[in-house]
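Where a number appears in this text, it was derived from the coordinates with a stated rule and is not lab data. These numbers were taken from a predicted model, which means no experiment stands behind them. Don't worry about glycine lacking a Cβ; one is built from the backbone with ideal geometry, like all the others, and counts go over all protein chains shown.
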Amino acid sequence: MGKIGESFEELVKIMETLRGPGGCEWDREQTHESLKPYLIEEAYELINAIDNGNVQEMKEELGDVLLQVVFHAQIAKEEGSFDILDVIETLNEKLIRRHPHVFGDSPGYSYQQWERIKSQEKNRSDHSRIGDIDSALPSLSLARRIQENASAVGFDWEDAEGVMEKIIEELKELERAREKGKGRVEEELGDLLFSLVNLSRFFGVDPEKALRKSTEKFVKRFKLMEKMLEEDGMVFEEAGIDILDKYWEKAKEAEKT
């Protein structure tokens, strides 16, 4: 067994100890369900480390994601359903099966072949070229994935200009929908967001990442605005929207310096 195998086996044994008699009380109480929030949290912390280009943080956060895999596998082993070896062997088999252009005699990669193999794996009779709809994905990421799948089979706009025209059209439809009730507004707003995701794809921008950055920028600017108001002896709640707007602009200018 090589060093990687030895280290991984040690990790599995550590988790067994934590979950075993005399182990950690918190670890022993966890279930697949209770760990769900931590899995999501660790994935986003890894994404943040990647965005920041922090290699040390990436190493640590990848370990935290791996911990979640080992944790769930240990719980499953205790329940008698599967163990970490089953997880690894299933993954190995899947990687080989889904890459016949590497491990078989297929001439090259194609999206259609990838989706066909996935459909056969799941015994799906309703296979579509649009691919699987993974409802667990955040909405912006799901929209981008579906659009990429449609593009891979030739259903796409020719250029970004066409998408921008569509956005203008959707804005007009949203304006008209305001007179027709919340349900119609929700529908048209969804269409607008979907078109914006399409535009981000043409510009090579991840919409989830772009929105997160804008949200973080808003929070940072808001806090700076609060600080400026306080330094000038003003109470935020008593300032009024006109004054708040002026301080918002001051905060924007301060960020540029």
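Numbers at a glance
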| quantity | calculated |
| --- | --- |
| Trypsin sites (Lys or Arg not before Pro) within segment 169-257, DSSP loop, no more than 13 other Cβ atoms inside 10 Å | Arg178, Lys180 |
| Computed helical MRE - 222 nm, the chain, DSSP H runs ≥ 4 contributing -39500 (n - 2.57), nearest 500 | -25000 deg cm²/dmol |
| Residue order, fewest to most beta carbons within 10 Å, for Phe82, Phe202 | Phe82, Phe202 |
| Kirkwood Rh, Cα atoms: Rg over Rh of the chain | 1.06 |
| Cα-derived Rg to Rh of segment 209-256, Kirkwood definition | 1.02 |
| Per-residue ³J(HN,Hα) for segment 222-234, Karplus 6.51 cos²θ - 1.76 cosθ + 1.60, θ = phi - 60°, Hz, x for Gly and Pro | 4, 5, 5, 4, 4, 5, 4, 4, 5, 5, 8, x, 10 |
| Hydrodynamic radius (Kirkwood) for segment 139-205, which is based on Cα pairs only, to one decimal in Å | 12.4 Å |
| Signed unit charges on C-beta, dipole axis of the chain, positive-most listed residue Asn52, Val87, Ala239 | Val87 |
| Test item: Cα-centred dipole of the chain, Lys/Arg +1 and Asp/Glu -1 on Cβ, debye | 600 debye |
| Distance cut-off 18 Å, percentage of C-alpha pairs in segment 169-210 lying past it | 34 percent |
| Rg to Rh, two decimals, where segment 3-97 supplies the alpha carbon set and Rh follows Kirkwood | 0.99 |
| Alpha carbon centroid spacing (whole Å) that separates segment 18-84 from segment 172-187 | 43 Å |
| Note, ³J(HN,Hα) from phi for segment 35-44, Karplus 6.51, -1.76, 1.60, rounded to Hz, x at Gly and Pro | 7, 3, x, 6, 4, 5, 4, 5, 4, 5 |
| D (Stokes-Einstein, µm²/s), Kirkwood Cα radius, segment 1-53, 0.890 mPa s at 25 °C | 184 µm²/s |
| Rounded to whole Hz, the Karplus (6.51, -1.76, 1.60) HN-Hα couplings of segment 144-160, x for glycine and proline | 4, 5, 5, 5, 5, 5, 5, 5, 5, 10, x, 9, 7, 6, 6, 7, 5 |
